[in-house]
Each structure stands twice: as structure tokens, then as C-alpha cells.
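All of the numbers you see were taken from the coordinates with simple rules; none came from a lab. Given the structure is predicted, the values throughout are model-derived calculations rather than measurements. A quick note on method: Cβ atoms are made from the backbone with ideal geometry, for glycine too, and the neighbour counts reach across all protein chains shown.
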There are 2 protein chains.
Amino acid sequence: MAGKFFSMRNLKFLLYEVFDTAALTKAPYYEQHNQKAFDLVLDAAAKIGQKKFYPLFEEMDRKPPYLENGQVKVHPAVRDIMKESGDGGWIGATFPEAWGGEQLPHILHCACHLITSSANYSAGVYAELTTGAARLIHSFASDDLKNKYLPNMMSGKWQGTMALTEPQAGSSLSDITTTAYPTDQGYYRLKGTKVFISAGDHDGVDNVVHMLLARIEGAPPGVKGISLFLVPKLRVEGPGKLASNDVSVSQVFHKMGYRGAPITELSFGDKDDCRAFLVGEPNRGLMYMFQMMNGARIGVGLGATAIASAAYYASLEYCRTRPQGRRLNQKDPNTPQVAIIEHPDVRRMLLFQRAVVEGSEGLLMQCALYEDLQHISPKEQHAKYELLLDLLTPMAKTYPSEMAILSTSQAIQCLGGYGYCEDFPVEQHFRDCRIHPIHEGTTGIQGMDLLGRKVVMKDGQAFKLFLEEARATIAQAQGLTSVAPLAQKLEAALTHLEQITRQLVGSAVTKGAEVFLADATLYLEMFGIIAIAWQWLRQAIVAQKALDGNAKAADQNFYQGKLVTADYFFAYELPKTQYLAQRLTDGNPLTAKMESSHFND
Amino acid sequence: MAGKFFSMRNLKFLLYEVFDTAALTKAPYYEQHNQKAFDLVLDAAAKIGQKKFYPLFEEMDRKPPYLENGQVKVHPAVRDIMKESGDGGWIGATFPEAWGGEQLPHILHCACHLITSSANYSAGVYAELTTGAARLIHSFASDDLKNKYLPNMMSGKWQGTMALTEPQAGSSLSDITTTAYPTDQGYYRLKGTKVFISAGDHDGVDNVVHMLLARIEGAPPGVKGISLFLVPKLRVEGPGKLASNDVSVSQVFHKMGYRGAPITELSFGDKDDCRAFLVGEPNRGLMYMFQMMNGARIGVGLGATAIASAAYYASLEYCRTRPQGRRLNQKDPNTPQVAIIEHPDVRRMLLFQRAVVEGSEGLLMQCALYEDLQHISPKEQHAKYELLLDLLTPMAKTYPSEMAILSTSQAIQCLGGYGYCEDFPVEQHFRDCRIHPIHEGTTGIQGMDLLGRKVVMKDGQAFKLFLEEARATIAQAQGLTSVAPLAQKLEAALTHLEQITRQLVGSAVTKGAEVFLADATLYLEMFGIIAIAWQWLRQAIVAQKALDGNAKAADQNFYQGKLVTADYFFAYELPKTQYLAQRLTDGNPLTAKMESSHFND
């Protein structure tokens, strides 16, 4: 249980050296905090991770949730975890103090969340979902609903969920059919089924509050007829008075990983007594839900990163201590074997993992910082940060999600046969992280969101802002001999990305939407690699300056390691953009033009 | 249970249209067979796959082997499977008739094995290992040992294994310490421990025969002191007389996948009564074992391909039947949803899987054919086929093994959330196939074998032969307008590979072995992609000629599908060689030169 699953040194490097989180406290909204207070929060998160989450990592996988008499049973520790998440202020960490929150910066919360999720991803999901649902209520619900439901969610007594997917409508939200029938009692009567609802029911809380998308009877077809509802498992009928709300669990899914949290199928209104409470205006539900979904998407990227972090440190520990073979300049079998970390191919596998993990952490914190800056900037700058956050969300979700599969796979590879066995944690990391390219919008959906919406919206303004941000970093590399070559490579990649974007967007008109978006997934992959390269350049600049300055002796290895990993990223990962670029511009629309019958034999 | 997991049409295309397997029967060694007989063998394999293997696919995963009172217990069906494998002649399929074999071509056996392994990889492993061990005995053991042990192995009554790995010696075979002490009784007394021994013990057979590497007491250190032994669980002490041979099971590993077969830790000679019988000459064990290991390596590539095949067909079926969303030129939400196979991004995921599966099948059959040609060619051509087989073995092992991770992952992605759940088979395929880049020599070991040994051996002769073979295929594409552009791309890739190989091999002298081999894994990846591109060109040529000729109407989709998949491979996969080439030649030896302490923080 003494395993390392994250690096506090690295998180503080990102928070304080790369992103200057302490500067946020100059803004009135965060002025009650200071760096010392932030450190205490980080220490508290580390303690929860070590003492509460990590000891349950394996056990929650081996004893997954199950359905008994209509009630989902989860690991008994979940109740304790939810209580701690409420009492410790974690659920409301970023909420205003006025609503019982801690008013902490998102970037700090991001770091804390990386810590606890790397200890045990499943264990952290309960509180995270509750935070997301609570934020939606806080932003859009009536005061009556807020007063009735928020306090028990903030305290971890009640679970929050997002309930979008239906059996016939997963990626295609416009096809949901769950229906809300108006009444004259101030609520709607709900009927429908939702699937794949994370933490949709469990005995670790006293109630569950679903933020649910449905159609009001007679609403227009498609996404323009979707409304947002608050649908509790037990409805509040008066002070301390709860009544069953006709929500039942029809299934708990048996999953390959992520087994510490239940994914459920829920049935609403089997007895015609399910009351749904409209949040905001009718037919604007999808717009509201996007707030929660965007947060959840970044949360997915964060979860993937955290799992990859845990697998990285497990494999690093193994590679440092496992003797096997000799360096290639030493063939004498009488000499002792060396630790496998001495083999270049093993180092490559470790550098790959580190590059994915710490690069993704950079991008996630960058996104969190944009959110914070939105809060504290003058109004005229809000749009800038909002656009940047919007643009980067598909990358922050997808790059870590897709790469965690490969990163945890390399962790297994570092351990050889042992990595494939349950005695080591990495096989579970590999299983756990495979959900991430799927939930909260598949990779394919993210690609279309990026290319079809984000880069073209507002006349490409978000894309231009991103280029400005990246080029500002490139400018900082001037004169730093070791990192200037990396900056040059990033500039070349950005130029390439601009050309390709122009060409693709142009093709939307000449070739139609289907050909335009056929390889949006590859475009997303390319953009993701470039966004991470930008983050690595940021980190390399800081590391080089520290080494050029007065870095402590104890920090030398850390900074050198940052430079080596940045070097790795630009040598091994960034070149992948070239083959993606080649495919994206070769003008062969084979996937759009082929016949599906060509798959027949 | 009606799932499709392979395509007979495709296997026959490869066997008869691409590789002209029927022509083998002109050779005296295979003259007792004909294509009709081959078809019957294929049908028999399909029947076993459908009726015996596939129904146990899920069950053998859910009820994995366990250790009880020193005996490994496996699924009760294993005994039946082994009996069928013996009675049906599958274990001895490629053995000479003189030894009770079927004297079938390896390429046909390869096809049969693809069928059964795609039905249930774990179930096929028992017989495959027995075949490999039996071949080793047949090739190198004394007649006494052959007579005592072979018949019961050929009939499936006894299990064969290969016992190489030790706790302190996995990838580094030179460090094995299991010791054989000479006696004057015609045997050695063995002491030692072996780990990760597949099917090392189980109750589906009456005995287990280990082909084991050990050091004779006082042998020279390193690989030059390793000998091969036959070590039975029960030794034959006379006709029908068996005695315990002091081999015990200390552990059964609990694995993420591949759970239908036990992987064991074995202890030899705890009571000083384990007899080991020398096979061949002392200290030449590793050379002998390479015969079994090379076969096993190709078997691993085959297993990975078969699993990817099953996942591909499961996802294809799902994509054909799952309605979700609309084509991008159809935004009206009142129109019915389309099957997801109509979406270009989904087709891309399917084409990727198909390209990996059918390309790998091509390469595996190509290797099997070289083995057959070795048997039937005039002696002066033996070296040619042996060299080609030697060279291609690391690719035939590694390309499918590494790509199956991605291919089965895409199968999961096609199914979305359902793919992550146990109700569908693809999550098991994803778990099952992850072992393949590890066992029988990790990917890193294969890379060093390819670049450090195979491409340089005999003055690069094997490499030259490969180029000749590939260029002969390119020549066949002349005049076929649709495939000639693919041939050009392959030629460019070959030229690039030649340059890079020359540059890398040159660096062995100037920069030392460690820098030379630091990225051997990437070189292997590049070579693997090119080898598969060659196979796709072969298949595309045949398909195009069929379409230009008299292809039956029922075959049009199949051949068109071959051309689209070849097109896919050259558009999406072959370009990956460019970024690999860039890294391989950028001259930055960062993984060799960095300090391991740079991983500290």
C-alpha cells in the first residue's frame, strides 16, 4: 500500500512554476487564499488519496456493485467517501462561499482531483458527478429547487448524476424519447428509460438527484425540443419529508473496468408517479447541459490522466528495481544484471508514459486556469477565455483518454508477464481507463465537435486565440538554446495545422459535410498532439530557466527530467502529426464514398 | 452463439487465390492431398470452432483455472478438447505420416488454427503447445525418448510445454539457473524453478511433458551453457508404468485475460527426485529451443490475429444493426436513424480492423508457405526460404500482437458503452490479446532480434531476399491501374527502408551497439507496416484481376472490399512509416544517453 501514484513535486511545478496559480489570489474572488493555504489543500488531498482511496483500489474492483431487491449495493466505504467529500468541502470546492463552497480556483481543484483519481478513479467519481449536477442546479435552477436539493448534495448525503443516454440514443441525443407530461401542479410527469447512468443509484447515499434530459410532450423534434429536468429518486415534499418518486433500477452493467462505480439503467414513471422539475426554460436543456457536459468531458480527460499517472509510477518503480539483462556494451554473463531502467527501450516506454501524463496534466490545468481567468478577468476578456476553453475541451477530453490506453499498456509491457497478472495494479489501470474514449461523447463525437463546430465558430476566433497563445509560448523560448529547437518544431506544426485547417474547412463547401468531417477524428488527434507539444514547450522553458538560475541541487534531476521528456515528446510524438497531415490532405474520401456492402463476403 | 468470428471466404481467398496452396500437392511430400481434401479439413476446423470452442469462450474466461491440492484444475471441457485434438489429427497435422501425422501443409494448418483460435484462443493453446513440444522431441530427441513420450502427446493424452522463463530470468535467458546434475543412470537430477509456464499443469491430461532449458552443473556461463531437457511430470519407467517425477506447482497466476489456460509456476526437484533427460547435445539447448520458439512466436502472432478477427466480426455485426444518428447530409430528425456502418468514422474503425486482421493473416500464411516450400524445394533453395522465414518471424509475431490491442480497442469503440460491458465479447478480446506482445519474447526483444541479428545476418542476405520478394509483387501490379499507385507507394517505402537500414547498421560501428539498437522497436514497427503493405498489395492485385476477369456476382462485394481495405491501408497506415523513419534517423540518442536519475523527482 506504499505505492506512489502521483508526484507532488510535479503538480507543484505545474501549479506554481508553470501556471503561477498563486497570482490568482491577487484577484478579489480568491483573495482569502494564499499559496500556503493551497499547499494545505494539496496535502489534504494527498492524505485522502493515500489513506482512503488507494487502499480500496483493488477491493472495489474485485467486489463490484450489484443489484439486490431493486437497490444497487456498492462497497460500504462509498458512504464514508461521500461523507468525507462533503464534510471536507471537496464537492463544493470551487463553489462560491455564499453557497457553502470553498471558492477555490479550478486549477487547484484540478490538481487535487488528479491526486485522488490516481489513487482510485472509481472512488472519486461519486463526488465528481455530484459536483457537476450541483453546479447545474446552482446555475440554472429556481431558488426553490436549489434550497430543496443543493445542501444535501454539497454535504455528500445525496448523489448527483447526469442522465442523458437512452437505449436508442447514445451519441445521437436528438433522438431521446423520454417524455415529460405537463401538469398544473408545478411539475411534469416523466416516462422513459435512461442507460449507462454513472452512480445512477446506490446505497452509499440517502437519495439520488438526476439532472435529466427529456422532451416536453409536443416539443419540436431534434435537439431543439430537449429540456432539462431535476428528477430525484426521493422527492422533497416538505422539510425533511421525502417520498418515493417512481424511479427504478432495471440493470447494473457488468464492466471490464471502472468497476468501483455502478453504471445503471434506470426506469422513470413505471407507476405514472415520477415527478420531474423543469430547470430553466423549456427546450433549452441541451444548452444548459453542455455546462455540465463540458466539465464532465474535462473530468474524463482528467480521470484518464490520473489512471495513466498511477500506472506510470507503478511501472517506474518496477523498472528501477527489477534486474534483467545487461547493457549492450556489457556482454559478460558473469557480471550482475542491471535494473531494466538502464535499457534504452525501457526508458523509451517510461518517457512515453511520462510525456503523456505530464503533458496531459499541463493541458488540463491550462483549461482549469482559463476557467479561473474567466471568473476574475474584466468582462471584455471573458469571451476570450471561454472560447479557448471551448476549443480545447475536445483535446483535453480525448488526448488523455486515447493515450491512456497506450500509456497503461506500456506500463504493462514494462512489467512483462507480471504486468498481465492481478498481483500488480497495472492490468486494472489498463481496464479502468478503457471507458474514457467512450463516455461523455465518444472520440468520434469529439472530433466532429472540434472540426465541425469549435474551429469554425465565430469566424475561427477560438482557433486564432489558440494560435496566439501557443505563439506567445514560442516567443518565450527565444534565447534558451536547449528549448529553442523545440519551439521551432512547434511553430512548424502550428503552420501546418493552419494550412490543413484552412484546406479542410474549405472542403466543407466544395465536397460537402460528410467528406469534410470524415476524418475529424484524425484532425482531433493531430490537434491534440500539438496542444500537448505546446504544454511541453511551456514546461521545458520553465525547467531550463530554473536550471540556468538557482535551482536547488535536489531539483536538478527533476528539471533535467522535464527537459528529457520534452525532448522525447518532440522527437517521438510530434512527428506523428506529419502522417496525420498527409492523410488529412490526400484527397481520397474512401470512407465516405465506399459502399457498406463492401464489408460483405 | 451464432456469432461470426472468421471468414471462410477470406481464408480460401488467401489459401487458393493469393498463395496457390493447391499447387503444393504437386510435390511428392503433399501428393496424397488435393484442394477438395483441404476444404474438408477447413470445414472440420470450422465445425470444431463453432461447436466446441466458441460455446466455451465466455465460460472459460469466467471460470479460470485454480490450484487445488497441488493440482491445477481447468474447465472440464479441456479433456474433451485435447482428445479431439489428438483423435482428429490436429496435434500432428503437419507431422510426417511416419510419425502418425497428417503431413498437411503448414499454410493449411495456419488457416485451421486461425479458425479455432478466433473461436476461443485459450482453448486452442493446449494442443498448440503440445504440437510444438512434440516437434522438438521429434527433431532432436533420442528414439527412446520419442517412443516413450511422443505417442501420448500426439493423441492428446499428455500435454507438452516449453519451460524457459525463471523468476530472475525472463527476457535474459542467459541468466537461467535451473541446474541439471549428471548421474550415471542415463538421466540428470534437476533442481530449479520455472515461471509463466503455459499449461504447465492441469487435470485435462494424464501427464505433462516439459521441454525445459537448464544448465548442466559446471556448464559455461551465459547462453553457451544452456541445455535442453525433457522433464515429465510423470516419468515412464516401463511399458504403461509411470512414476511421479518430483515436479510441483507452486502457483497459478491470475491474469487479466487469456484466462482459459493456466499459467503456472513450477518447482522441480524439491525432493531431489526430479529426473531430466537430455535432448540432443549438451550446451546446445538454446539452438534447439529456437525451433520451438520460432514456431511459438508465429503462433503468438496468429493468436493475436485470430482474436482481432473475432472482435472485428463482432463489431461489424453490431455496426450493421445498430441504428444511431443520421448521415451528415440528412439533418432532419424526423427521418429514421441509420445503421452506424453508414458513418465514415465507423467505417474507418472497421476498415482499420479488417486491414490489421487480413493483412496479418496474409503475412502469417506467407510465413507458413515459406516453411512448406522449404520442405518441398530442391536443397539449394532451402536456405532462401529459411532466411525469409527467419527474417519475417519478428514481424509475424509483433505486428499482429501490437496491433491487436488497437484493433480490439476499436472494436470496443464501435460498440460504445456496450463494448465495455461483459454482455458483448469484445471486452474479453481486448483483455485476451494483451498477453501477446509479452510472451515468447517481448516486442523489445523482437526488435533487437530483427535489427541486431536478422537484417545483418549472412551479410544482409535475408533482407535482400525480402526486398526481392516484395519487388516481385510490385512488378505484378504493372498495368493494373487501380493498384499500380499502391505499388509505387510500396516501392517508395522499401527504398526508404533500405536507406534507413543502411544508416542504422552503419551506426552500429560509429555509435556503438546501444545507440544502434535503442529504437529497434520502432524499426520493427516500420518494417512490420511495410511487410503488411506488401501483403495488401498481393491481395489487391488478385482482387483487381478477379474483378477484371470473370468474378461471380456474389464475389463482387468481397473483391471490392479487398480493394477498399488495401486503399485504406496505403492511405492511413503506410504513412506511419514516415514518422518512424524521421525518428529513426534524427540522430538524437536521448534514451541511450539520458541518466536514469532523470526519472527522479
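Just to confirm the number: angle between the C-alpha axis of helix B:285-321 and the first principal axis of chain B, 0 to 90 degrees, nearest 10?
Approximately 40 degrees, to the nearest 10.
If packing is taken as the mean number of other Cβ atoms within 10 Å per residue, what is the order of B:467-476, A:540-549, B:430-439, highest first?
Going by the mean number of other Cβ atoms within 10 Å, highest first, we get B:430-439, A:540-549, B:467-476.
Which value in deg cm²/dmol, rounded to the nearest 500, describes the helix-derived mean residue ellipticity at 222 nm for the protein assembly as shown, given -39,500 (n - 2.57) per DSSP H run of n ≥ 4 and division by the residue count?
-17500 deg cm²/dmol
If I fit a long axis through the Cα atoms of helix B:457-476 and take the longest principal axis of the Cα atoms of chain B, what angle between them do I get, 0 to 90°, rounded to 10?
Around 30 degrees separate the two axes.
In terms of modelled amide H atoms, which long-range or inter-chain residues lie less than 5 Å from the amide H of A:ALA276?
Residues meeting the criterion, in which the H sits 1.01 Å from N, are A:TYR188, A:ARG189, A:LEU190.
How far is A:LYS241 from itself in the other copies, in nm, if each label sits 7 Å out from Cα along the Cα-Cβ line, shortest first?
Those separations, rounded to one decimal, come out as 9.1 nm.
Treating cross-link reach as a plain straight distance, find the lysines whose alpha-carbon is under 28 Å from the alpha-carbon of B:LYS379, omitting any fewer than eight places away in the same chain.
Result set, ordered by chain and number: B:LYS26, B:LYS146, B:LYS397, B:LYS454, B:LYS458, B:LYS464.
Is there a simple number for the mean count of other chain Cβ atoms within 10 Å of the Cβ of residues in A:574-581, and what is it?
Per-residue shielding by partner chains comes out at 5.
Please give the average number of partner chain Cβ atoms lying within 10 Å of the Cβ of each residue in A:512-524, rounded to a whole number.
That average works out to 3.
Using modelled amide H (1.01 Å from N, peptide plane; none on Pro or chain starts), what sits under 5 Å from the amide H of A:GLN251, excluding residues fewer than 5 places away?
Result for A:GLN251 returns A:GLU265.
Per residue of B:169-176, what is the mean number of Cβ atoms on other protein chains within 10 angstrom of that residue's Cβ?
5
From largest to smallest, what semi-axes in whole angstrom does chain B give when each is the square root of 5 times an eigenvalue of its alpha carbon gyration tensor?
39, 29, 25
Dipole magnitude of region A:160-283 about its Cα centre, charges +1 at Lys/Arg Cβ and -1 at Asp/Glu Cβ only, in debye to the nearest 20?
200 debye
With unit charges on the beta carbons (Lys and Arg positive, Asp and Glu negative) and the dipole taken about the Cα centre of chain A, which residue among A:GLN544, A:ALA27, A:ASN69 sits farthest to the positive side?
Towards the positive end, the residue furthest out is A:GLN544.
Could you give each residue of region A:544-561 its phi-based ³J(HN,Hα) in whole Hz, using Karplus coefficients 6.51, -1.76, 1.60 with θ = phi - 60°, and x for Gly or Pro?
With coefficients 6.51, -1.76 and 1.60, one gets 5, 5, 5, 5, 6, x, 10, 4, 5, 4, 5, 9, 4, 4, 4, 5, 4, x Hz.
Rounded to the nearest 0.05, what FRET efficiency do B:GLU317 and A:ARG502 give with R0 = 51 Å and r taken as the Cβ-Cβ distance? Could you check?
About 0.80, to the nearest 0.05.
Take every Cα pair under 8 Å in region A:442-590 that's 6+ residues apart, average their separations, divide by the length, and report that relative contact order as a whole percent.
The normalised contact order for region A:442-590 reaches 30 percent.
Whole Å is fine, so just give me how far the alpha carbon centre of region B:530-599 lies from that of region A:127-175.
Measuring centre to centre over Cα atoms gives 47 Å.
Sort shortest first the distances from B:LYS36 to its counterpart in every other copy, using label points 7 Å along the Cα-to-beta-carbon line, and give them in nm.
From this label point to the equivalent ones elsewhere in the assembly: 9.4 nm.
Compute the signed sum of charges (Lys and Arg +1, Asp and Glu -1) over the other residues within less than 10 Å, Cβ to Cβ, of B:ILE340.
Overall, the nearby charge balance is +1.
Within the set of other residues whose C-beta is less than 14 Å from the C-beta of A:LEU328, count the net charge using Lys and Arg as +1 and Asp and Glu as -1.
+1
Under a Cβ-only charge scheme (Lys and Arg +1, Asp and Glu -1), can you give me the dipole magnitude of chain A about the Cα centre, in debye to the nearest 20?
Roughly 680 debye, rounded to the nearest 20.
Compute the Cα gyration tensor for region A:129-186, then decide on rounded, prolate or oblate, letting a ≥ b ≥ c be the square roots of its eigenvalues: rounded whenever a/c is under 1.5, prolate when a/b is larger than b/c in the other cases, and oblate in all that remain.
oblate
Tell me the distances, shortest first, between B:GLY460 and the same position across the other copies, using label points 7 Å along Cα→Cβ, in nm to one decimal.
Nearest first, the other copies' label points are 4.7 nm away.
Do the alpha carbons of any pairs in B:LYS83/B:LYS224; A:LYS194/A:LYS241; A:LYS384/A:LYS489; B:LYS47/B:LYS562 sit beyond 30 Å of each other, and which pairs?
Flagged as over cut-off: B:LYS83/B:LYS224.
Karplus couplings for region B:132-142 from phi (6.51 cos²θ - 1.76 cosθ + 1.60, θ = phi - 60°), rounded to Hz, Gly and Pro as x?
For region B:132-142, the Karplus-derived couplings read x, 5, 5, 5, 5, 5, 4, 7, 10, 8, 5 Hz, x marking Gly and Pro.
Where a ≥ b ≥ c are the square roots of the eigenvalues of the C-alpha gyration tensor, would you call the protein assembly as shown rounded, which needs a/c under 1.5, or, failing that, prolate if a/b is larger than b/c, or oblate?
Prolate, since a/c reaches 1.5 and a/b exceeds b/c.
Between region A:254-292 and region B:21-54, how far is it from one alpha carbon centroid to the other, in angstrom?
Taking the Cα centre of each part, region A:254-292 and region B:21-54 sit 55 Å apart.
If packing is taken as the mean number of other Cβ atoms within 10 Å per residue, what is the order of B:129-140, A:58-69, highest first?
B:129-140, A:58-69
Can you list residues whose amide H is under 5 Å from B:LEU242's amide H, if they're 5+ apart or on another chain and H is modeled 1.01 Å from N?
Amide H to amide H, under 5 Å and 5 or more residues apart or across chains, B:LEU242 pairs with B:GLU237.
Using θ = phi - 60° and the Karplus relation 6.51 cos²θ - 1.76 cosθ + 1.60, list the HN-Hα couplings for region A:568-584 in order, rounded to whole Hz, with x at every Gly or Pro.
For region A:568-584, the Karplus curve yields 4, 4, 6, 8, 10, 9, 4, x, 4, 4, 5, 6, 5, 4, 4, 5, 5 Hz.
Hey, how many Å between the Cα centroid of region A:466-509 and the Cα centroid of region B:501-519?
Each part's Cα centre sits 33 Å from the other's.
Which peptide among B:251-259, B:373-381, B:396-404 comes first, and what is the full order, when sorted by highest mean count of other Cβ atoms within 10 Å?
With the highest mean Cβ count within 10 Å placed first, the list reads B:396-404, B:251-259, B:373-381.
Any idea what the dipole of the protein assembly as shown comes to, in debye rounded to 20, about its Cα centre with Lys/Arg Cβ at +1 and Asp/Glu Cβ at -1?
Its charge dipole is roughly 540 debye.
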